[in-house]
Amino acid sequence: MINIGLIGFGYWGPNLAKNFSQINGVFLHSICEMKKEKAERIKEQYPLTRLVTNFKEINKNKEIDAVAIATPPATHFKLAKDALLSGKHVLVEKPLTTTSRQAEELIKIAQQEKLTLMVGHTFEYNDAVLKLKEHIKSGEIGDILYIYSQRLNLGILRQDINAWWNLAPHDISILLFLLEKFPLRVSAKGLTFFNNSIEDVVFAHLDFDGSISVHIHVSWLDPNKIRKMVVVGTKKMIIYDDVSNDAKLQIFDKGIVKLDRPSGNSYPDSFGEYQLVIRSGNLLVPQISFTEPLRKECMHFIRCIRDKKKPLTDGESGLRVVRILEAVDRSLKNGGKSIKL
């Protein structure tokens, strides 16, 4: 039996509580939540779970093996560090920390204490994203030309972090997972409409080795909820639409073909030899056997603890995402200046 302590029962905490409570061999031992109005809900849903108001009560409890942290990003470093130093395995919601230096320190402590440190990059456990990677790795779409991603909604205007830090970690983790490489440089433009110091809308550009360009658009000020990524290749194009219920992946067998010049001709004989032909083929919507990503993530965390294995989304994964978040933030603060990584 692995005993779990959950810190934070706000927006995401209830989802973690639900999933951990339903895994065989796992007991949701304690939940730390400071707001009294949520106490009754916790007691009603999890009558056997201990309710505390101070995270140190969880970290000091020797019966608890691991801690899941679902609190605002600014608190992640302090809470995770204290848990690791208390001998607990740790799962931290995205982003891992708010600075790369903090992430590096957590990684070092976890290694020294031989503990599992994992970050909640949930989309790397998403069956549609896994299937998308299969199509890319197989070479089916050819060479990737560019990718653009949109994560938009008319949502909560945060006061602690901007739209970039709030929404982009998922897109960045997906991109790093798909491309298996780190960007060379980033640049960004942000728009502030309701708070002069917090960007509500961000347009970021990432350049990868191999001439792959990536554009990420995040916003709290859009009429529609959009969670979409488009991958354009030399052979095919793929749309990943997380909001869609029955067509999360759409594979378009279409593209542009350059007509070859007749062999032996140094110069074109006619205008037609310059022509580019649009090739349009079938649209494939693959069937995906879908399991809740968060359930897979929580089960992976438990398996890594039991088997002493490195998590798919380990501390190093979290650090890579934080480094990109930081670099884009620097570009925003410097008028869109290109930042090398």
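The values are calculated or read from the model by the stated rules, or taken from the named source; none is laboratory data. Note that the structure is a prediction, hence the values are computed from the model and not measured. Quick reminder, even Gly has a Cβ in these numbers, built from the backbone with ideal geometry, and neighbours come from all protein chains shown.
Cβ separations smaller than 7 Å between residues 6+ apart or across chains give no pair from segment 1-30 residues that are without any contact (Cβ under 8 Å) to a residue 24 or more places away in the chain and under 22 Å from SER86 (Cβ atoms) to residues that are hydroxyl-bearing (Ser, Thr, Tyr) and surrounded by 16 or more Cβ atoms within 10 Å (Cβ to Cβ). Residues that are under 23 Å from ASP65 (Cα atoms) and small (Gly, Ala, Ser) were ranked within segment 291-341; the one that is surrounded by the fewest Cβ atoms within 10 Å (Cβ to Cβ) is SER317. Residues that are modelled with pLDDT of 75 or more, among the aliphatic types (A, V, I, L, M) and not in a strand (DSSP E or B) within segment 245-262 comprise just one, ALA247.
Checked across segment 61-72, the condition of being more than 21 Å from HIS29 (Cα to Cα), in a helix (DSSP H, G or I) and in contact (Cβ under 8 Å) with a residue 12 or more places away in the chain holds for no residue. The number of residues in segment 285-341 being charged (D, E, K, R) and under 14 Å from the mean Cα position of the chain (by Cα) comes to 5. Total residues in segment 132-175 satisfying the condition of being acidic (Asp, Glu), surrounded by fewer than 17 Cβ atoms within 10 Å (Cβ to Cβ) and within 20 Å of ALA247 (Cα to Cα): the figure is 2. If you go through segment 101-150 and keep only what is touching a helix residue (DSSP H, G or I) at 6+ places or on another chain (Cβ under 9 Å) and hydroxyl-bearing (Ser, Thr, Tyr), you end up with THR116, THR122, TYR125, SER149. Being touching a residue at least 12 places away in the same chain (Cβ under 8 Å), in a strand (DSSP E or B) and under 20 Å from the mean Cα position of the chain (by Cα), is that true of even one residue in segment 194-202? Within segment 194-202, one or more residues are touching a residue at least 12 places away in the same chain (Cβ under 8 Å), in a strand (DSSP E or B) and under 20 Å from the mean Cα position of the chain (by Cα).
Here PHE177 passes the criteria (1) of a type in the set (Phe, Trp, Tyr); (2) touching a helix residue (DSSP H, G or I) at 6+ places or on another chain (Cβ under 7 Å); (3) touching a residue at least 60 places away in the same chain (Cβ under 8 Å) except the one numbered (3).
For the residues VAL230, VAL201, the requirement of being closer than 29 Å to HIS135 by Cα and among the hydrophobic types (A, V, I, L, M, F, W, C) singles out VAL230.
Output yes when any residue across segment 43-59 is of a type in the set (Ser, Thr, Tyr), in a strand (DSSP E or B), free of Cβ contacts under 8 Å to residues at least 60 places away in the same chain and touching a helix residue (DSSP H, G or I) at 6+ places or on another chain (Cβ under 7 Å), and no when none is. No: zero hits.
Condition check for VAL92 on (1) crowded, with 18+ Cβ neighbours inside 10 Å; (2) in a helix (DSSP H, G or I); (3) under 21 Å from the mean Cα position of the chain (by Cα): one failure, at (2).
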